[in-house]
Amino acid sequence: MPLWAVFAVSFGAPVLAFLGVLFAQLVGRKGAKELETRSKREETMRNLRWAAELAVTDDEAKSALGVAQLVALGDSDLLDVDQQLFVDAALAAVVNDAVQEVEAAGPEVEVVRDWEPSSLEPPPSDDLDSTQDDEAEGSADG
């Protein structure tokens, strides 16, 4: 065997093996990155669906939570442009329903509640009266 062939086999095989491993690593990283992106997109869409369902419920506290979650999703870095369109559409649907209710009530309607969902505090509750609080305290004592 000629001397150049000995050197080619001696040095060529390890270099080719290294290049093969390097290529496999790059392909593996690309696949892992795509999997992570898809997983993040699925989780974001699950959160979006959950928040949108809450935002349109009749329960005021759940609705406020849903709107707050939609606002938080819209402000987060988790969304790309396509997903942001879904959040904007869900928020617009919730707001349009409320606007249509106010407009249908007529021009003499006065909106008295001023609450920002981005404050992350629940809206003030008008549902509880003092008799329910007294009953709850009385049952806890007994």
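Key figures for this structure:
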{"quantity": "Every residue from the stretch 1-55 that is farther than 30 Å from Leu70 by Cβ and charged (D, E, K, R)", "calculated": "Arg29, Lys30"}
{"quantity": "Lone unmet requirement of (1) under 21 Å from Ala98 (Cβ atoms); (2) part of a helix (DSSP H, G or I); (3) polar (S, T, N, Q) for Thr37", "calculated": "(1)"}
{"quantity": "Residues that are over 28 Å from Glu36 (Cβ atoms), of a type in the set (Asp, Glu) and either modelled with pLDDT of 80 or more or in contact with a strand residue (DSSP E or B) (Cβ under 7 Å, 6 or more places away or on another chain) (or both), drawn from the stretch 58-98", "calculated": "Asp58, Asp59, Glu60"}
{"quantity": "Candidates Leu19, Leu54 - the one that is in contact (Cβ under 8 Å) with a residue 12 or more places away in the chain and surrounded by 10 or more Cβ atoms within 10 Å (Cβ to Cβ)", "calculated": "Leu54"}
{"quantity": "Selection within the stretch 66-90 - surrounded by 16 or more Cβ atoms within 10 Å (Cβ to Cβ) and more than 13 Å from the chain's Cα centre (by Cα)", "calculated": "none"}
{"quantity": "Matching residues, the stretch 44-86, being within 18 Å of Asn96 (Cβ to Cβ) and outside any helix (DSSP H, G or I)", "calculated": "Val56, Thr57, Asp58"}
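The values are calculated or read from the model by the stated rules, or taken from the named source; none is laboratory data. Values in this document were obtained by computation on a predicted structure and should not be read as measured data. Cβ coordinates were reconstructed from backbone atoms using ideal geometry, including for glycine residues, and neighbour counts include every protein chain displayed.
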